[in-house]
């Protein structure tokens, strides 16, 4: 080999090495899980001798995370649904039996003889668990995995939906993905997923960086018991608050509760720059329908004078994106995209 | 001679009406001026001036909207509901000869809860029927059941029957409500219903005013018309009959009026307790038991009490709204205890 | 009924015939026929549970009989408005109580209820009538006394004052002297007899009953005797109906006949 060619070879080798080192993909392939695996989950130690063969979920968020990890064939039962499953998982979901649209009974869950029960909300399996307590499950040797986003830094005994002691951090979602991937021994897929989620987050942040959102404020309206009564809006420590702070927006609500009620008077006076309305399939309260929410905002003699309503700076987001789910990232992207197109200086 | 007496009566009425209205007006203005966000008294007057006689002040449309569409309506409905619940309490306590009678004795609040829960949690009406409509339907249904139950015991005109029927009806509908909530609700739905059930005026707008105020005025008129008959029940219904009161007819008219007024109030603002129970006793301590004075004074006291309770519910904890029913209970219970002690001491 | 005498025709202000009433199938008043004559004081006596109170309730229109007719001044009671009846008949019940914090004046003013209306509001004349009623029962010095501070006897007198304030033509009293001191018992009875109203008074004390113009005796829901007191209250009847042995004595003080009971 001539010297110039050898140099080129060395250089290209070096380049490859450099790019390998600089790429966000981990240098080492993801390790296989070493069993027995013990991890602490919301104060309860869980031990797995091997990857669970059958799993039941209580909570659409847990379900969709497991689907995202490619574990649909391990699911033998799902429950607690808020709307239709994400379209990309529709086919797989159709093959998994649905135990209940709302909370399932204890027996329905244990009947499936699961090796793991993955739970979205602590109040399903907590000390006053609606389905049953974690202890009840562990007595039958069924470990319950509670999503860290609902227990870490959160006191579920205070406030109707619990109160966050620390602001929600997206790390808890990454942790959920990592831990579930560890439990099921699919850590490669888990790492891939978290990497993808991180990059989406970063991209959304970058896209609004030059919009000077410093003085822009936001309000997230979930629903209301009746169309004209005080609405349920997002507190300052929950998932929507994270969305806001990720993009640099200020949440006008000062409560630490997840979904406090705040009067329209206070909201109107605070005059948020942007309004985010939740879109959901449920129709219990008239305000569940985001069209009704829009109609109300435009018709009410006070709210129609709010800047956000006058200049149509209203974003409609999936209600599920406002909870700790895999859709949170979709939500952040949608919100960033919408904000991008708004003229914030009117 | 009738003309002279009519003249004296009218003068007496207009004098009392004048000061009653003045006090009520002051309470309403206070109710408008105090709220979740600071709005100055001068701003309030400017808004009222603009709206009432087109004064033309240049004001922030949001401030103007808040004062006129939110706070004024809420104060008016609070006054109407407070008055309505208070006079309902007076009438029921007199008719049923029971100092613990309150407007919800007839099963109305329990029925309203069931109706609201059916709409909000079971989803009857699929979001097209409001909580209020469901509550009203439930209230009327429960009252109809209670009335039927009381009549079918077929007893001689006694008040014991309707109280028992009311308790039975209330228990039934409360059990239904609990069943529906535990069976179907997730925490958010249950919380929504609970908040509504404990009473709140946050959804009040001008349509509520056009319903609440006339209903209360009609109720007030009917009860005042029967003030002497109500006095005659002092020694029981037999004694009233002996004094020339058509007992069955008067009971039917007054109970139906009370039921209607209460059902409308509960459907507008949820179950606000203690007003119908405590205000009549307080008013009795002030002006005695003759209904010619007791009814108007109870109405006024109830109006002021509920306006104050609503203001307190919005301002007691910054940034959070408490259910009005909680405030009325927190104030009402100790006040009731004081009244009981004072009354006992007087014997 | 065997003691009923044929008297000269009087104007019957209140009469009933064939009156029947029962509670839950138990007959309380059985086929009673009775005429109350204008101006008289008719005493109604009988053992406990004989139906005296119920008869009074039926005659005042407070309860409706199962069968039979009642006529007030010749007009059927059943069709009359309560207000019209109350302007004619006043009732003093046995134990009317209240837990309201009322005054004596409040209670007596109630008596004007059947006469008041939207077009006829309270007037000075009403004040005068109430005042007179209080004077008649000797309570005029205590108009503002609280009801709960009154003794049983005082309460009874207030009830009577209320009935008097009604300015009735007929007064029905159900054992009005039950809780009174002897002084007040006598004064009330004297008052009742002296009033120009027709009175039907249920009594417990048989000697007091002797002072009435006529007596009607009830036993187990039926009217078993009516007529002049000494002719109705025979030793035979006393034995059969009241289960006591008695004989008449003449009081040396004023020559009136009084009953003496033996055990």
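Here, each number is a calculation from the coordinates, and none is a lab measurement. Computed from a predicted structure; not experimentally measured. Quick reminder, even Gly has a Cβ in these numbers, built from the backbone with ideal geometry, and neighbours come from all protein chains shown.
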For residue A:311 and residue A:83 in the same chain, what is the full-extension length gain: residue separation times 0.36 nm, less their Cα-Cα distance, in nm? 79.1 nm
Would you mind classifying chain B by shape? Square roots of the alpha carbon gyration tensor eigenvalues, ordered a ≥ b ≥ c; an a/c under 1.5 is rounded, otherwise it is prolate if a/b is larger than b/c and oblate if not. oblate
Is it possible to state the helix-based mean residue ellipticity at 222 nm for chain A, with each DSSP H run of 4+ residues giving -39500 (n - 2.57), the sum divided by total residues, to the nearest 500 deg cm²/dmol? What is it? -11000 deg cm²/dmol
Mean per-residue count of partner chain Cβ within 10 Å for B:54-65 equals 3
Once every Cα of chain C carries one equal point scatterer and solvent is ignored, give the base-10 log of I(q)/I(0) from the Debye formula at q = 0.07 Å⁻¹, two decimals. -0.25
Please label the shape of the stretch A:37-198 as rounded, prolate or oblate, based on the square roots a ≥ b ≥ c of the eigenvalues of the alpha-carbon gyration tensor (a/c under 1.5 means rounded; beyond that, a/b larger than b/c means prolate, else oblate). rounded
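Let me make sure I get this right: for the stretch A:246-294, a, b and c are the square roots of the gyration tensor eigenvalues over alpha carbons, sorted descending. Under 1.5 in a/c it's rounded, otherwise prolate if a/b > b/c, else oblate. Which is it?
In terms of gyration-tensor shape, prolate.
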Averaged over C:105-112, number of beta-carbon atoms from partner chains that fall within 10 Å: 3
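Take C:103, B:114, B:37 and order them by how many other Cβ atoms sit within 10 Å, fewest up front.
By the 10 Å Cβ count, ascending, the order reads B:37, C:103, B:114.
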Give me the percent relative contact order of chain C, please, defined on Cα pairs under 8 angstrom at least 6 residues apart. 26 percent
Contact order relative to length of chain A, as percent, for alpha carbon pairs under 8 angstrom and 6 or more apart: 14 percent
Taking 0.36 nm per residue of sequence separation and subtracting the Cα-Cα distance, how much length would be gained by fully extending the chain between residue C:254 and residue C:141, in nm to one decimal? 37.3 nm
Is there a simple number for the mean count of other chain Cβ atoms within 10 Å of the Cβ of residues in C:94-102, and what is it? 6
Here the relative contact order (percent) of chain B, from C-alpha pairs under 8 Å and at least 6 apart, is 26 percent
Going from the fewest other Cβ atoms within 10 Å to the most, one would list C:44, C:105, B:254 as C:105, B:254, C:44
Given labels modelled 7 Å from the Cα in the Cβ direction, how far is it in nm from residue C:67 to residue B:14? 6.1 nm
Express the Stokes-Einstein translational diffusion coefficient of the protein assembly as shown in µm² s⁻¹, to the nearest whole number, given a Kirkwood radius over alpha-carbon pairs, 25 °C and a viscosity of 0.890 mPa s. 72 µm²/s
Among the Cα-Cα pairs of the stretch A:213-309, the proportion with separation greater than 20 Å, in percent, is 31 percent
The rounded separation in angstrom of the Cα centers of the stretch A:168-184 and the stretch A:82-148 is 17 Å
Kirkwood-based shape ratio for chain A, expressed as Rg/Rh from alpha carbons: 1.04
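Exposure proxy check: C:22, A:217, C:67 ranked by fewest other beta carbons within 10 Å?
The order, fewest Cβ neighbours first, is C:67, C:22, A:217.
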